[in-house]
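Written out below as structure tokens is the structure these notes cover.
Coordinate-derived values only; no laboratory data. Because the structure is a prediction, the values reported are computed rather than measured. Virtual Cβ from ideal backbone geometry, glycine too; neighbours counted across all protein chains shown.
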Amino acid sequence: MAPVGPRSGDAIFANVERVNAELFTLTYGATVRQLLTDLEEVEEVNKQLDQMGYNIGIRLIDEFLAKSNVTRCVDFRETAEVIAKVGFKMFLGVTATVSNWDADGTCCSIILEDNPLVDFVELPDTCQGLYYCNILSGVIRGALEMVSMKTEVTWIRDVLRGDDAYELQVKLLKQVPEEYPYKDDE
Amino acid sequence: MIGVGKIKQYSNVLDKPLSKGKQEVSLSAFAFLFSELVQYNQTQVDNIAELERRLEDAGYAVGARVLELLCHRDKGNRRETRLLGILSFVHSTVWKVLFGKVADSLEKGTEHEDEYMISEKELLVNRFISIPKDMGTFNCGAFVAGIVRGVLDSAGFPAVVTAHFVPVEGQQRPRTTILIKFAEEVLTSFSLIVTLFL
């Protein structure tokens, strides 16, 4: 059988089972609200969201690789493009754009215009330090770690804080070569 | 999370037009999120009853908001004031919007006047969840039970709502039944007076 080429984000999204985005949005809101009630400190909630995102990311990458059929990315530029165009589309139904590459090609920004997590949301005064969508940064970090890239993901712009779009900065810290758990000569 | 009268953002979220509700995300995105919600709550509790209660509380918040949203968008700001009306609203409209299909069945309980049951062959939230034996009768459908309770409570029909597994012959996975037990005041005519103020 001839190898199947990588599928576009739209094609995959059309083929996966989908649910109403509002259920997703409201469930996420309920999660953040529970965290805020339990942890009370905004910083703690940010960290917990990131951790939850990380847990999701390490499992999400398997599904992503299985459904999207992408070939190995040649460099970090391609990785970022694939995340923005295929990854976001496949799971959240929105496309992101990549921009602001730095000179070495290790740091870029992923910009989201549309974000299903934040429909109906407004941050009250008491939660001004909250990165409401911090789960996304955890997801990206976790997914990339499973494909041997250690990254740091931070929020540059956030609509809930008054900016005009969502901008995530993804910085490649290092590529970790794959380690085999068994020695060859044993 | 809507702050009253706070114009912190440059455009007030209340000014944004309401979406038509047709946007979708992948089922796996929701399943991942839900699994994280359950896992997080597992770390915060010591026993199953507490876990179910927390999931139900999360669902309650979703239900209250779903009612507001649907009443405004789909029903033109009209609310159901009768018991059967609100039950069929939950069974068809709410289920259709949240899960993409109407619920499998709506039945009246035979033993008690105030009990109704909504059944579903496989709840969306339970699709990718398996319950280990040592958790006994725990059902993640408690989240959906919470949604139903949130809708009913906000509509003025207080009830106790729980989710149960009902084994079905010939089917490997049991069916889930959401049991709704209405409070005393709903069944008396006082309910009509209470719900008239919208």
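Points to keep in mind about this one:
- Each residue in B:CYS140, A:CYS73, A:CYS107 was given a count of other beta-carbon atoms within 10 angstrom of its own, and listing them fewest first yields A:CYS73, A:CYS107, B:CYS140.
- Selected from A:GLU17, A:GLU152, A:GLU113 as most flexible by GNM, with chain A as the system and alpha-carbon contacts under 10 Å: A:GLU17
- Orientation-averaged projection of the protein assembly as shown equals 24.5 nm² [convex hull of Cα atoms, one quarter of hull surface area].
- Cross-link reach is defined here as a Cα-Cα straight distance under 16 Å, omitting same-chain residues fewer than 8 places apart; for B:LYS20 the lysines meeting it are B:LYS75, B:LYS96.
- Part-to-part distance (alpha-carbon centres) for segment A:1-78 and segment B:40-98, which is given in Å: 25
- Residues B:LYS96 and A:LEU39, FRET efficiency given R0 of 35 Å [Cβ-Cβ distance, rounded to 0.05]: 0.50
- For A:LYS47, the lysines whose Cα comes closer than 21 Å to its Cα, not counting residues fewer than 8 places off in the same chain, are A:LYS150, A:LYS171.
- Per residue, the convex hull volume that the Cα atoms of chain A enclose (Å³): 155
- Cα long-axis angle, helix A:21-39 against chain A (0 to 90 degrees, to the nearest 10): 70
- Kirkwood-Stokes translational diffusion coefficient of segment B:47-188, alpha-carbon pairs, 25 °C, 0.890 mPa s, µm²/s: 159
- If R0 is 22 Å, the Cβ-Cβ spacing of B:ARG53 and B:VAL166 corresponds to a FRET efficiency of close to 0.55.
- Between helix A:42-68 and chain A there is an angle of about 30 degrees, using the helix long axis and the longest principal axis of the Cα atoms.
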